[in-house]
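Before any comments, here is the structure.
The values are calculated or read from the model by the stated rules, or taken from the named source; none is laboratory data. A quick note: this is a predicted structure, and the numbers were derived from the prediction, not measured. Here the Cβ is made from the backbone with ideal geometry for all residues, glycine too, and neighbour counts use every protein chain on show. When the accessible area is computed, the model is the full protein with side chains, heavy atoms only, and any ligands, DNA or RNA have been set aside. Shrake-Rupley method; radii C 1.70, N 1.55, O 1.52, S 1.80 Å.
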Amino acid sequence: MRSNCNICVKISFFRRPALFRSALWAASESNMMKSEKIMEQTRHYFDNSATTQTSPEAAQLMLEMLTQSYGNPSSLHAMGYEAQLKTEKARRQLAKAMGCEPKNLLFTSGATEANNLALLGAAAAYPKRGKKAVISGFEHSSVEEAARELERQGYTVCRVMPDQNGHITAEQFAALVDESTLLVSCMLVNNEIGSILPVPELVKAVRRKNPGTFVHCDAVQALGKLKIQAQKWDVDYMTVTAHKIHGPKGVGAIYIKQGARVLPRQFGGLQEKGIRPGTENAAGIAAFGLACELADAGRAEHLRSVTEVKNRLLEELRGVKGIVINSPEDGLPYLVNLSVLGIRSEIMMHYLEQEGFYVSSGSACAKGAKSHVLAAMGIGEDRIDSALRISFSRYNTPEEAALLAKRILQGMQEIRR
Amino acid sequence: MKEIILLKDGEIALKGLNRSSFEDKLIKNAKRRIAPTGSYRCYKAQSTIYIEPRDEEADIDEAVARLQKVFGIAALCRACVVEKDFDLICSTALSYLDEQLREAATFKVKAKRSDKSFPYDSPKICSELGGVILDHYPHLKVDVNDPELIVTVEIREFGAYIHAKQLPGAGGMPVGTSGKAALLISGGIDSPVAGYMMAKRGLELIPIHFVSPPYTSDRAKLKVITLVHKMTAYCGRLPMYVVNLTRIQEAIKDCCPEDLFTVIMRRFMMMISERLALKEQCSALITGESLAQVASQTVHAIGCTDAASSLPVLRPLIGMDKEEIITISRKIDTFETSIEPYEDCCTVFTPKHPKTKPTLAMVTEAEAKIPGMEEMIAEAVESVEVILVTDKGAKGYIE
């Protein structure tokens, strides 16, 4: 209930007449921060790999874009021009965070569209390069399902299985690459356990085997968290999304290396070079750019603070009988996957929710299905059934993490097995 | 492992007594260009400039990429610095150059020993280190005449430098060592290339762009700012002058024969540019004209435009074909922007059949019919807008 009150505060704020809004915004900033703090105390959001809170800065920029700079970036008049300046600024901000040139980025409606565009668009652009694709065995569903579509189109798809720590070596990928391999796809950070995949080495190893093979990297969970250098790593396609780094939902992007191509999967106007037609989501794009800039500028600081939160959680839980950590030690500290043996994930999740702790039982995109990621790692049924993904953001505190740990331990006592 | 960047000057080395002023300018330009990538100590010794990162934060990859576009540098290489201990030198050479040694088929070791207190002399360093490399990379062969990879070890006063692959620099002369010139920039393919070529010969540029709202749009102006922004990678920061030509163009259209419109307009551009150039201590004008490319670029038309200015007009593209110009345009990454389809002020009011062989008499006679010419030129010069374009962008346009 308390949390609902806080939502009311925010909604009523936006309902005030526009004239007063900007003045109010400044005046109420301290109140806002206070209310956010209360909100954080009552809602302990630990599902940041599913999505994140849009930062107040990004939300404010979106509001400005929607109510003031609302021109269509493709319109020839000054309002269109104004919107275009803002989307182009966002492209530069994103390029900086991805280590590439702005001109090689196209905005999409999110990472699912971007991943589909990479796999299916590349296959369509190069029908004669070979009919084989190699992907990791624990890709996000938007890559896995796009790969299945390739299978339906007659491609052979090989899957490289990770070890128990979620690691795959570059050589394992290269071993499956031959002269008929069109594409290799590997995520940079796994979305369920946080293991970091050796993408730069993978590109080199794949190229040694077949210089004509394209490499796609789903960098959704890494953007703003790890230093990404798309151009230097020499990947052909890289995909990202805004809502995992405190940007809005509904906007993502694809990097396409100079010289590599994709054919469009939808048809319309000339927006985004005609490869991704449709009126640009200018407000979302601008907010995405700002989110990138904030994430990139604070990367080291955020990593430090998130590591502290993660360590605090593990301090309380490590060594407890019945708890197994599924994430590797050297994974990205932004998430931890663990199993509370004997208690089904969903039950624990709903138990934690009662006190305002929000965690996940796996990828949100899997909608409750059993984790194919943990299965691919060769983890046993009992651990898969009881797995929780706890994922952090810069808004989490070590104190909340300690509370969450306490609550999990309580749950282990209270929930009937 | 500490890495530094070594720069070899090109033509500067041939200069006489004023060589050090060229080198100082080069160091200043290089320093400014790599400042966004970290903090560095820059110094010179024996026709080499040393760029040493002050801390771990520096992004050396980015710094090298930026330095490859700084004029005045013939070649550059990344080197690893170690203590002057032979075993350490060997082990570092193996780890630091691993990838390059793996990829090469033949190699040789070159040693320079300026610190004569080092116990091994140069031939001994070469043979010993060569032996170690051969032991670790059995696929390699030594070729002293034409090796694929030259592993260089320099024993200097402060430490030993190990490097191999040399990267090509941009060549030319440091920007600013030849003075200043005004570049007439339109938004097409040619003028950015002309500016690039003259900056390469050491000229500092002041781009001058003409707009004629409402016939030209904000997007056309943004296109030129984007071009100038791309040029900053080579030319450094550029103060861009934007001149409003609407009133003048309308007057020419009203008072002069249609077929002379373009040549007269270009004469006005020259007159205005000359005044701005002199105000900014420029000693020349630069245009992207290429002989016979269009009607206003015939020898006759060029003769007419040339006569409008007393400053020398540099036309680096005069003898080049479009394809050659496009090749450079692609190299400096301006091509894709140049071909964006916005109307610019050279295409406003273009005559259907421009005169290809105008004479100066014809043109001056037509111009005489324009009332208040001097006043219009003065107004255009007065109302100029200056936009500072740096590698970071331009305020209000590229942020």
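Annotations
- Residue within the range B:67-84 that is open to solvent by less than 50 Å² (accessible area, probe 1.4 Å), in contact with a strand residue (DSSP E or B) (Cβ under 7 Å, 6 or more places away or on another chain) and within 14 Å of chain A (Cβ to nearest Cβ) present: no
- Count of the range A:167-198 residues, restricted to those that are among the aliphatic types (A, V, I, L, M) and in a strand (DSSP E or B), is 6.
- Count - residues of the range B:1-19 that are part of a strand (DSSP E or B) and among the hydrophobic types (A, V, I, L, M, F, W, C): 4
- Selection of the range A:328-374 for residues being surrounded by 15 or more Cβ atoms within 10 Å (Cβ to Cβ), among the aliphatic types (A, V, I, L, M) and out of contact with any strand residue (DSSP E or B) (no Cβ under 9 Å at 6 or more places or on another chain) yields A:343, A:347, A:366.
- Of the residues examined, residue B:178 is not one that is within 14 Å of chain A (Cβ to nearest Cβ), among the polar types (S, T, N, Q) and surrounded by fewer than 22 Cβ atoms within 10 Å (Cβ to Cβ).
- Number of the exception - residue B:266 against (1) closer than 20 Å to residue B:314 by Cβ; (2) open to solvent by less than 40 Å² (accessible area, probe 1.4 Å): (2)
- Here A:18, A:97, A:90 are screened, and the one residue that is away from chain B (no Cβ under 12 Å) and either modelled with pLDDT of 95 or more or in contact with a Pro (Cβ under 9 Å, 6 or more places away or on another chain) (or both) is A:97.
- For the range B:47-76, the tally of residues that are part of a loop (DSSP other than H, G, I, E, B) and in contact (Cβ under 8 Å) with a residue 40 or more places away in the chain stands at 5.
- Selection over the range A:258-295 of residues that are within 21 Å of the chain's Cα centre (by Cα) and not β-branched (Val, Ile, Thr) gives a count of 16.
- The residues listed here are B:219, B:247; of these, the one that is away from chain A (no Cβ under 14 Å) and either closer than 23 Å to residue B:381 by Cβ or surrounded by fewer than 24 Cβ atoms within 10 Å (Cβ to Cβ) (or both) is B:247.
- Residue within the range A:174-193 that is touching a His at 6+ places or on another chain (Cβ under 8 Å) and of a type in the set (Ser, Thr, Tyr) present: yes
- Filtering the range A:391-417 to residues that are in a loop (DSSP other than H, G, I, E, B) and more than 25 Å from the chain's Cα centre (by Cα) leaves A:415, A:416, A:417.
- Qualifying residue in the range A:61-81 (condition: within 14 Å of chain B (Cβ to nearest Cβ), under 22 Å from residue B:333 (Cβ atoms) and either under 23 Å from the mean Cα position of the chain (by Cα) or not charged (D, E, K, R) (or both)): no
- Residue A:164 vs. criteria open to solvent by 30 Å² or more (accessible area, probe 1.4 Å), in a helix (DSSP H, G or I) and not acidic (Asp, Glu): no
- Across the range A:248-267, the number of residues qualifying as among the hydrophobic types (A, V, I, L, M, F, W, C) and part of a loop (DSSP other than H, G, I, E, B) comes to 5.
- Boolean, residue A:307 is open to solvent by 50 Å² or more (accessible area, probe 1.4 Å), more than 14 Å from chain B (Cβ to nearest Cβ) and among the polar types (S, T, N, Q): no
- Restricting attention to the range B:353-399 and to residues that are part of a loop (DSSP other than H, G, I, E, B) and either under 22 Å from the mean Cα position of the chain (by Cα) or under 24 Å from residue B:226 (Cα atoms) (or both), the residue that is nearest to the other protein chains (Cβ to nearest Cβ) turns out to be B:399.
- The range A:51-79, residues that are at pLDDT below 95 and open to solvent by less than 50 Å² (accessible area, probe 1.4 Å): A:75
- Residue match in the range A:227-244 (condition: free of Cβ contacts under 8 Å to residues at least 12 places away in the same chain, within 14 Å of another protein chain (Cβ to nearest Cβ), open to solvent by 60 Å² or more (accessible area, probe 1.4 Å) and of a type outside the set (Lys, Arg)): no
- Contact map, the range B:14-36: first residue in the same structural domain as residue B:76 (by TED's automatic domain parsing) and closer than 16 Å to residue B:237 by Cα, second residue among the basic types (Lys, Arg) and not in a loop (DSSP other than H, G, I, E, B), Cβ cut-off under 8 Å, separation 6 or more or different chains; pairs are B:27/B:44; B:33/B:66; B:34/B:66.
- Considering B:363, B:389, the condition of being closer than 30 Å to residue A:95 by Cα and open to solvent by less than 40 Å² (accessible area, probe 1.4 Å) is satisfied by B:389 alone.
- If only residues of the range A:112-150 that are outside any helix (DSSP H, G or I) and hydroxyl-bearing (Ser, Thr, Tyr) are counted, the one that is farthest from residue A:177 (Cα to Cα) is A:126.
- Of all residues in the range B:281-302, those being surrounded by fewer than 20 Cβ atoms within 10 Å (Cβ to Cβ) and at pLDDT 95 or above number 3.
- The number of residues in the range B:222-243 being closer than 22 Å to residue A:79 by Cβ and either more than 11 Å from every other protein chain (Cβ to nearest Cβ) or not hydrophobic (A, V, I, L, M, F, W, C) (or both) comes to 4.
- In this structure, residue B:336 does not qualify as within 14 Å of chain A (Cβ to nearest Cβ) and assigned to a loop (DSSP other than H, G, I, E, B).
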